[in-house]
Amino acid sequence: MPYQPNEDNDIETLLLRKKQAEHEAFLKHYTRRSGLLLDKRTAVLQSDALDWLHGLPDTSIHAVVTDPPRDPAEIDILVGEASARAEGVRHWNISASLDTLDAEPTARLPEPEESLAYRNIRIVYTALGLELMRVLVPGAHVFVGSDPILSTPIFAALVRSGLEKRGEIVRTYDRGEGGQAPRDARNEFPDVSELPRTLWEPWGIFMKPVERSVSENLRKWSTGALRNLPYGLPVGQPLSDVIPSAPTPREELEIAPYPALKPQAFLRRIVWTTLPLGLGIVVDPFAGGGATVAAAAALGYMSVGVERRSDNFAICCNAFARLKEIHIETI
């Protein structure tokens, strides 16, 4: 349930209604040309993530929950976006060289040579973080899904952009990856594995720094903390950084046949916590099959989903109504 003001406090009620009206106007404004309103609280757009973020005004969104692409082909496309954005963009305050993407070019010790794949990840996620630092309100949280191999360079790039690392969520489930013998010599070395079997998925938690104090930030921006889950006494259960989960149920995959679809049971728990007072706009700049915006809608939150690929965008639009109606016993 969205945050309920004290009915006896007329000033508080008016302020919250004003904020809600501003957020609704935002949704209408930024979907007017190329987006769709799936319901009165949910907008989706087919657009490049960095391009769309670049067009937003400063301090205009309140949370991000996203599982960005990590496939090399998708990363290559995003590198092109980041390169275009870096040309002459003053607010990034970065050196012209995409080889460094430093906040300020300074003398430093030589670094180990990195692979092209890691370099591209660093470029893309530093660019993403820099855009988010501008458009997020102070105290806004960012949850970013990853995997055990690539989480290190991805999370480091986001921190490099200015976001504060606030921890990680460990989503435990059998990913069906790792634990195999060498592909070219399975019969020769049957008793070894190249990698451990992966039974977890990391989600980095980041935050744009608050103004002065958390309490002042909550009063001004309605952000700066995580909302307790809606059960437990006396004030609800805080979010745990280890969440037992499971693969996405077949029912949800049949509704939204997107290969990286996250389960509603997991996403609704994450999305719920991002708006501590239940006010604001949750954004997924890599919406994929629309699971994040469906989770936000099920919770009564306003959200915007942005997806570049037309096939994924169609899945997102077509699956939204049924995904948000999926019954979850408790988040």
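The values are calculated or read from the model by the stated rules, or taken from the named source; none is laboratory data. Model, not experiment: these values are computed from the prediction. Ideal geometry is used to build each Cβ from the backbone, glycine not excepted, and the neighbour counts take in all protein chains shown.
Here are a few things to note about the model shown:
- Restricting segment 269-313 to residues that are over 11 Å from the mean Cα position of the chain (by Cα) and aromatic (Phe, Trp, Tyr), the residue that is farthest from residue 28 (Cα to Cα): 272
Conditions (1) at negative phi; (2) modelled with pLDDT under 90; (3) assigned to a helix (DSSP H, G or I), marked per residue:
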position: 64; (1), (2), (3): yes, no, no
position: 75; (1), (2), (3): yes, yes, yes
position: 84; (1), (2), (3): yes, yes, yes
position: 91; (1), (2), (3): yes, yes, yes
position: 130; (1), (2), (3): yes, no, yes
position: 140; (1), (2), (3): yes, no, no
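- For residue 154: the one exception among (1) in contact (Cβ under 8 Å) with a residue 40 or more places away in the chain; (2) part of a loop (DSSP other than H, G, I, E, B): (2)
- Failed criterion for residue 259 (all others in (1) at pLDDT below 95; (2) buried (at least 19 other Cβ atoms within 10 Å of the Cβ) hold): (2)
- Total residues in segment 274-312 satisfying the condition of being closer than 23 Å to residue 249 by Cβ and not hydroxyl-bearing (Ser, Thr, Tyr): the figure is 20.
- Within segment 153-197, the set of residues being surrounded by 15 or more Cβ atoms within 10 Å (Cβ to Cβ) and either among the β-branched types (Val, Ile, Thr) or over 25 Å from the mean Cα position of the chain (by Cα) (or both) comprises 154, 159, 169, 170, 181.
- All positions within segment 294-331 that are of a type in the set (Ser, Thr, Tyr), surrounded by fewer than 22 Cβ atoms within 10 Å (Cβ to Cβ) and assigned to a loop (DSSP other than H, G, I, E, B): 330
- Some residue of segment 294-309 being modelled with pLDDT of 95 or more, within 15 Å of residue 144 (Cα to Cα), touching a Cys at 6+ places or on another chain (Cβ under 8 Å) and not hydroxyl-bearing (Ser, Thr, Tyr): yes
- Screening residue 283 against (1) touching a helix residue (DSSP H, G or I) at 6+ places or on another chain (Cβ under 9 Å); (2) among the β-branched types (Val, Ile, Thr); (3) over 24 Å from residue 43 (Cβ atoms) leaves a single unmet condition, (3).
- For first residues located in segment 309-328 and touching a residue at least 24 places away in the same chain (Cβ under 8 Å) and more than 12 Å from residue 256 (Cα to Cα), partners that are surrounded by fewer than 21 Cβ atoms within 10 Å (Cβ to Cβ) and among the aromatic types (Phe, Trp, Tyr) and lie 6+ apart or on another chain with Cβ distances below 7 Å do not occur.
- Per this entry, residue 216 is counted among residues that are surrounded by 13 or more Cβ atoms within 10 Å (Cβ to Cβ), acidic (Asp, Glu) and farther than 25 Å from residue 310 by Cα.
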